[in-house]
Every structure is written in structure tokens, then in C-alpha cells.
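Have a look at the structure below, then the notes.
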Amino acid sequence: MSAPQWNNKVVKWVDDRLPVISMLHHSAYEYPTPKNLSYMWNFGSLAGFVLVTMILSGIFLVMNYTPHTSMAFESVERIMRDVNYGWLIRYIHMNGASMFFIVVFLHMFRGLYYGSYKAPREMLWWIGILILLAMMATAFMGYVLPWGQMSFWGATVITNLFSAFPIIGDPLVTWLWGGFSVDNPTLNRFFSLHYLMPFIILGLVVLHVWALHSVRSNNPTGVEIKTPQDSIPFHPYYTIKDLFGMGVFLIFFCGFVFFAPDYLGHPDNYIPANPLVTPPHIVPEWYFLPFYAILRSIDFTIFGIPAKLLGVLAMFASIVILFVIPWLDTSKVRSSKFRPVYKWFFWLFVVDTFILGYCGAKAPDDYFMGVPGLKVIVMGQLSTLYYFAHFLVVMPLVGKMERPKPLPASISESVLKEGANA
Amino acid sequence: MRKFALTAIAAAFAVTAFTGGTAKAAGDAPVPAAQDWSWDGIFGTYDRAQLQRGFQVYKAVCASCHSLRFIAFRNLDGIGFNEDQIKAIAAEYDVEDGPNDDGDMFTRPGKPSDYFPSPFPNEKAAAASNGGAIPPDLSLMNKARVGGPDYVFGLLTGYEEEAPEGFDLADGKHYNHYFPGHQISMAPPLYDEAVEYTDGTPATVEQHARDISAFLNWTAQPELEARKALGIKVILFLIVLTAMLYAVKRKIWRDIEH
Ligand code: HEM
């Protein structure tokens, strides 16, 4: 932990006055990391890489984008057609948003599987949830900017949700819009906030990494670092591993950017926004679909609380509940690798989120996967129920009842054992 | 844990494949059959001759109702016209300009930098001439409909003279297999010999439809060829780079039991 001695005079001069170099050395070089991390630990650095990519591509987009209802759509098409490599910048930014969510969702599922939210990592987990919320807000507002049909109608549907709150609802929505409908003032403020939010995310990421470095990384065994043999310095071991992961990820990312740039988007957003024509199906971007399904699945009132308000509350609750899982999970063991029962529930939960995503994409009255008699809305309700049951019932009960497999005494021991078995 | 990582990567592919697919499969109209297009696949490129035939169809038929507002005459170099040809094409159009020094608007022959003039002065005029329906701008049509070129091709060849028995076709509407709801305000725009091709290609409705759909794919994605060409280089580079990074990783980790 002691500050290293710098040989280079300039480096030493700077470091004596502002120890940034020591800090970087400490946190990106010697940071002791468990030696058994799997590739599931690559997604954090990938998320950071995508964030930087989004900020850079975004800054170049802004140079040619016009946040006005009468020009936004045209300005995006100008970027696509007349700006040098504008299509590349825009497709990177557009697909980058999807990549960001893919990477972050995998990062979170990793955390869920290996119990990375448990003590002492609660704050780290919380900051992660805040990042997710900020990302959702950013992506939602960014999607409004090209001012296509889905931009406009998505913004209308989602902002309207706030009208579900009693008394303050309607004035709140008017205030959000800056008028009596989604219009130019809305576009302008969304643009301003869309530029701001990524930097808030950046700040949160700094806190996230800070928290990480004070509690250290979890690992596939869920057993903490105990002796120096359990860990290796971050550099060069994890710098090279992260770089390799980045290469694989970039191939995936570029596959979309260059060969299927509109695959993840909705065709309606290539129709300019028209407040007089409602698209037949208003569908959010894929990364919102599970939450959208939860929102829509509440089509009944409880104790006189209107369905719409309940839906909004359920949707927010589906994320807020993540804040308390460190206490809902009663198991003494972190990693699902040693939890023979919970492991299955984990995968069931993953499947459940996929089903929710599917339901979010379909009209409520469609049949689920074409199964006669099984309406999407019903399936959405069941999977919403299961979503919450996973946290509120499965986590506390399985933790109490399950008999975990014996844990290895240390990371080194588990590594040696696996090596012997291989 | 390796298994877990692999599963996760598989899941990433599954998410993208699945959501991309489900989010779009909406609506009640039948799905138009997938056609073979010259630009299909990783190496596919546009067929310049086909794009020019499609442009001919646009000019002769569609342009009387549909605008093409994101395309300037100068862009036509993308379908293989040279500067002189572009000047000549532009000059066939009257473009409104002004105001001049007297404060009057005037019309002059088009220049390469002009955009294609719209057939109607405004949406009201467009609707008035088309039984209340507005012919949409065609520049982005192939990106703005599920199915893209397959849909446009299906639409143009999917008319039926008589609506099926029991179908209540409104006045001034035409029955079309692929239009949502089947009632479209656009009369079948194509007929055999609608334009005469100079390259001897048979001028059938189907051929016209194929060519205009290809042309509209170019108007929607003029960057397609540059995009794929760059993409191939980028991906090849990344594969080599990633392989090398993997080798270095192996080497660095060689002595670590993990
Ligand atoms: C957390 C990072 C970010 C996320 C998740 C995000 C997400 C998005 C999304 C989903 C879109 C719509 C894409 C489309 O349909 O074209 C968008 C557009 C846009 N974003 Fe971002 N963005 C981020 C950061 C930024 C930053 C930092 C800037 C500027 C400094 C920026 C500027 C823009 C602009 C100008 C557009 C509209 C142009 C366009 O539609 O292509 N974004 N963003």
C-alpha cells in the first residue's frame, strides 16, 4: 500500500504535489484481484468502455444535431447522409445504447448469481442500481431526440405515466412537458438532460469503482481473499484479460454497427414524428420491455388505487427492490455455485425476465407464443408475480432451507482442486 | 464458471435475436415473402443498372405523387451517373428559388445541389389530390416499414382487382394483400411497360417493382456499400487483434494457477 518511489523526475514532481499517479498505480496496477475471476468479471470494464464510447460519439453527434421539432429529424438524416462518417457515428451511438444495456444486464446477473450484493458490498451494489436508473433515463431521453414516431409516442406514453399520481399527477406532467403536450420545450429539455446525464453516470462510476476498491472484487467461489496467494495484481493479469474481452465485445458490437445497424431499432422511428397519427403499436426499446410488461400487467385496482398508478408503482418497485436484496437473501453463502437449490431458481428468474421481455413486445391480447387461450397479458401477470416472488419469497426461504455445498477453505485451495480435476 | 460465461454470451445473442424479432412481428397483415436482393449478405452490393432502372420508374411514375426530400440531384452519383448526366437530370426540373432583388420568388432549372422537388406544395394539397390520403415521402420508406424492400415489393405487386368475397372495400380504396388493413388509397401505380428500359430488361410490373424497391433501398441507405466495405476491414482487423491479445493473455497467465 505504501506509495511507490518514482524514478522519473517529472513524475515524482507531480506526484509529490498531487498524488494522482500513485492513486492510479494503486488502483489500476497493484490492486490485488482474486486470481480465479471468470470472464463474467469482464463486463464491468466493458461497461466503462461503452460509456466512454457513448460520450465521445454523442459529442460528435451534437455538433450536427438540431434540437428543434421542425429540424431534429432532418438534422439526424443530414448526419447520416452528409456528415463525413456521420452514419458511423450515429450507428455507433444508436447500437451503443443497446450494447450498454446488454453489458450492464450481464454484469448485474453476474452479481446476482455470485451474491456480489451481500455484505460488505451493499453500497457498491446500490451505486450500480443508481447507474442503471440513470442509464434508463439517459436512453429514454436520447431516444426522443431523433424525433421519429416512436420518439414522440414513446415520450408521450412514458411521461403520461406520471399523471397516475393523485392530485400532483397532472400538474407534474404539464411541468415535465413544459406545455400541454410533448412538444418543442420537451425536446429541448430532454436534449439538455441527455447531455448532462452521462456525466452524472460517469461520476457514479467513479464512486462505484471507489467502493469496489475498498471492499475488493468478489469471485466465483464467493470466498474472500484471505492470503496473498489468493490474489494477483490487476496489471498485467487483468488489464490483458480485459483487453482481450474488449476485442471479443468489439467484434460483436461492430457486427451490429456495420452489418445490421437497424436490427435492434424500430422501423417507425424512421417516420417523422406526427402528433396526429398514433402508431398501431407503441413499443419501447428492447431493454425496457421487461419493465414495460410489468407496468402493463397491472390491469386491476386494489383498495381503490387505480390500475395505472399500481402499474407505475410496480414498475419502479421492480428496480427499487434490488436495493434491499442484501437483506432479503438469507443465505450465508454468496456464490450460487455452492447453492444447489437456489442455482435453479436463479436460472428460472433469468427465464422469467426473458418472458417478461417477450410480453412487453406484444400486444396484451395476442396469444403468448401463439399458444391458444394463453393471452400475453396473463402470461405477463404470472411472470410479474414470479419476478417479485423471486425476491420476496424464494430468496428468504431458500436461503434458510437449503443446505449449501461445503465451501473451499480459500480461493487458492479451490483453484488447486479444479486444476487437479481438469 | 467457464460454462457460466459461455451461457451468458449465448444469452446476449439470444436477447438480441429474440427482442429484435419479437418487437417487430406485430400487425395483422400477411408477411411479404423475402426476395433476393443484390445487396443481401455481408458482401452484397448494389446493382447500379438496377438502381438506374428504379430511378427511371420513380421519375416516370411515383414522382407525380411521392416526394424524395432527402435526396439531392448530386447524390445520384451514388447510382452511377456522372456529373454531366446529373446536371442534365437536374435541369429537367423546375425549382423555386428566391426571393430575387425585387423580392419575388421565381423558378429556374434545377442544379445538382438542389433536392428533388416535391410534387405537392403542402400536405393539404397532397391529401386533396389523393382522396384524403397523403402519399408519404419515399426517401426512408425501406427503413420505415417492417420488411423494408420485401414489403415495398410485396405492396406494389400485391394488388387484387376485386376484393375477396365479403370484404367491405371503401370507395376510392384498393385491395392490397400486404397493406395493413388491406385498404390502400394508392391505386396500383405500376403496369406493364410503365417505362421503357433502355438496357432491354423486360418491362413487367414485377420487374418495375423490383427495380423501384432496389432504388428506394439506396435512397434509404446510401451508405450501405461504404458501411459494409469498412465493416469487413474493421472486423478482420479486430479478429487478428483479438487473437493476438488472447495469445498475450495466455502467455502472461502461464504461470498463474487459476
Ligand atoms: C450513458 C450514455 C448514453 C446513452 C445510454 C445514450 C443513449 C441514446 C439513445 C438510445 C439515442 C437514440 C439513438 C437514435 O435513435 O438515434 C441517443 C441519441 C443521441 N444522443 Fe445519446 N446516449 C448517451 C450519451 C450521450 C452523450 C454523452 C451525448 C452528448 C454529449 C449524447 C448525444 C446524443 C444525441 C445528439 C443524440 C441524437 C442523435 C441521434 O439520434 O442519433 N448521448 N442517445
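Spin-label point model (7 Å from Cα, Cβ direction): what's the A:Leu392 to A:His235 distance in nm?
According to this spin-label approximation, the distance is 4.9 nm.
For helix A:411-421, report the angle its Cα long axis makes with the longest principal axis of the Cα atoms of chain A; keep it between 0 and 90° and round to the nearest 10°.
The helix A:411-421 is inclined about 90 degrees to chain A.
Using a Gaussian network for chain A with springs between C-alpha atoms less than 10 Å apart, which of these wobbles most: A:Thr186, A:Thr353, A:Thr278?
With Cα springs under 10 Å in chain A, the top fluctuation among A:Thr186, A:Thr353, A:Thr278 is at A:Thr278.
List the aspartates and glutamates whose Cα lies under 20 Å from the Cα of B:Lys87, skipping any in the same chain that are fewer than 8 positions away.
Within the straight-line limit of under 20 Å, B:Lys87 reaches these aspartates and glutamates: A:Asp82, B:Asp77, B:Glu96, B:Asp97, B:Asp114.
Per-residue Cβ counts within 10 Å, from other chains only, averaged over B:247-254: what number is that?
Per residue, the number of nearby Cβ atoms from other chains is 4 on average.
How large is ³J(HN,Hα) for each residue in segment B:175-183, as worked out from phi by the Karplus curve 6.51 cos²θ - 1.76 cosθ + 1.60 (θ = phi - 60°), to whole Hz, x for Gly and Pro?
Listing the rounded values in order: 7, 9, 4, 9, 5, x, x, 6, 10 Hz.
Cα-Cα over 20 Å: which of A:Lys35/B:Lys251; B:Lys228/B:Lys249; A:Lys241/B:Lys251?
B:Lys228/B:Lys249
Please work out the FRET efficiency for the pair A:Ala420 and B:His177, using the Cβ-Cβ distance as r and a Förster radius of 56 Å; give the result to the nearest 0.05.
Working: r = 66 Å, r/R0 = 1.17.
Computed FRET efficiency for A:Ala420 and B:His177: 0.30.
Tell me the chymotrypsin sites (Phe, Trp or Tyr not before Pro) within segment A:177-273 that lie in a loop according to DSSP and have at most 10 other beta-carbon atoms within 10 Å.
Passing sites in segment A:177-273 are A:Phe180.
Could you run the Karplus curve 6.51 cos²θ - 1.76 cosθ + 1.60 with θ = phi - 60° over segment A:245-259 and give me ³J(HN,Hα) per residue in whole Hz, x for Gly and Pro?
x, 4, x, 4, 4, 5, 5, 4, 4, 5, x, 6, 4, 9, 10
Could you list the chymotrypsin sites (Phe, Trp or Tyr not before Pro) in segment A:84-149 that lie in coil according to DSSP, counting only those with at most 11 other Cβ atoms within 10 Å of their Cβ? Before the final figure, lay out each step's value.
Numbers: sites: A:Tyr85, A:Trp87, A:Tyr91, A:Phe100, A:Phe101, A:Phe105, A:Phe109, A:Tyr113, A:Tyr114, A:Tyr117, A:Trp125, A:Trp126, A:Phe140, A:Tyr143, A:Trp147; in loops: A:Tyr85, A:Tyr114, A:Tyr117, A:Trp147.
Answer by residue number: there is no such site.
Sorted by accessible area with a 1.4 angstrom probe, largest first, how do A:Arg17, A:Arg121 fall?
My answer, sorted largest first, is A:Arg17, A:Arg121.
If you count only protein heavy atoms and use a 1.4 Å probe, how large is the accessible surface of A:Ile271, to the nearest 10 Å²?
Rounded to the nearest 10, the figure is 50 Å².
Could you list, bin by bin from short to long, the percent of Cα-Cα pairs of the protein assembly as shown in 20 Å steps?
15, 44, 30, 10, 0
For chain B, find the longest principal axis of its Cα atoms and tell me its angle to the long axis of helix B:205-220, 0 to 90°, nearest 10.
60
Find the centroid of the Cα atoms in segment B:207-258 and in segment A:316-369, then give the distance between the two in whole Å.
One Cα centre to the other: 34 Å.
Kindly sort A:Val14, B:Val57 by accessible area of their heavy atoms, largest first, with the probe set to 1.4 Å.
A:Val14, B:Val57
In Å, the Kirkwood hydrodynamic radius of chain B over pairs of distinct alpha carbons?
22.0
What percentages make up the Cα-Cα pair-distance distribution of segment A:25-90 when the bins are 5 Å wide from 0?
4, 14, 16, 15, 12, 8, 8, 8, 8, 6, 1, 0
Run the 1.4 Å probe and let me know the accessible area of B:Tyr191, rounded to the nearest 10 Å².
Answer for B:Tyr191: close to 130 Å² accessible.
Among the lysines, which fall within straight-line cross-link reach of B:Lys124, defined as a Cα-Cα distance under 22 Å, with same-chain neighbours fewer than 8 residues apart omitted?
B:Lys173
Largest first and to the nearest Å, give the Cα extent of segment B:32-84 along each principal axis.
Result, largest extent first: 30, 29, 18 Å.
Using only the alpha-carbon atoms, how far is helix A:184-215 inclined from the longest principal axis of chain A? Give it as 0 to 90 degrees, nearest 10.
10
Assuming 0.36 nm per residue, please report the length gained on full extension of the stretch B:Ala33 to B:Asn122 beyond their Cα-Cα distance.
28.6 nm
If amide hydrogens are placed 1.01 Å from N in the peptide plane, which non-local residues have theirs closer than 5 Å to the one on B:Val95?
Residues meeting the criterion, in which the H sits 1.01 Å from N, are B:Arg108, B:Gly110.
Label-point separation (nm) for A:Glu224 and A:Trp347, each offset 7 Å from Cα along Cα-to-Cβ?
Using points 7 Å along Cα→Cβ, the separation is 3.2 nm.
Check A:Lys375: other-chain or 5+ apart residues with amide H under 5 Å from its amide H, H built from backbone geometry?
A:Phe368
Just B:Asp104, B:Asp137, B:Asp94 to compare: in a GNM of chain B, with alpha carbon springs under 10 Å, which one fluctuates most?
Of B:Asp104, B:Asp137, B:Asp94, the most mobile in the Gaussian network model is B:Asp104.
At a Cα cut-off below 14 Å, give the aspartates and glutamates reachable from A:Lys375, other chains included and same-chain residues fewer than 8 away excluded.
Straight-line reach from A:Lys375, under 14 Å: A:Asp299, A:Asp365, A:Asp366.
Give me a single rounded figure for A:105-112: the average over its residues of other chain Cβ atoms within 10 Å of their Cβ.
The mean count of partner-chain Cβ atoms within 10 Å per residue comes to 2.
Between B:Pro136, B:Pro164, B:Pro30, find the one with the highest GNM mean-square fluctuation for chain B; connect C-alpha pairs within less than 10 Å.
Comparing B:Pro136, B:Pro164, B:Pro30 in the GNM, the peak value goes to B:Pro164.
If you filter segment A:313-415 for trypsin sites (Lys or Arg not before Pro), then keep DSSP loop positions with at most 13 other Cβ within 10 Å, what is left?
Details: sites: A:Lys332, A:Arg334, A:Lys337, A:Lys343, A:Lys362, A:Lys375, A:Lys400; in loops: A:Lys332, A:Arg334, A:Lys362.
Passing both the DSSP loop test and the Cβ count: A:Lys332.
The values are calculated or read from the model by the stated rules, or taken from the named source; none is laboratory data. Note that the structure is predicted; figures quoted are calculated from it, not measured. With ideal geometry, Cβ positions are generated from the backbone for all residues, glycine too; neighbour counts draw on all protein chains shown. All accessible areas refer to the heavy atoms of the entire protein, side chains included, with ligands and DNA or RNA removed. Shrake-Rupley method; radii C 1.70, N 1.55, O 1.52, S 1.80 Å.
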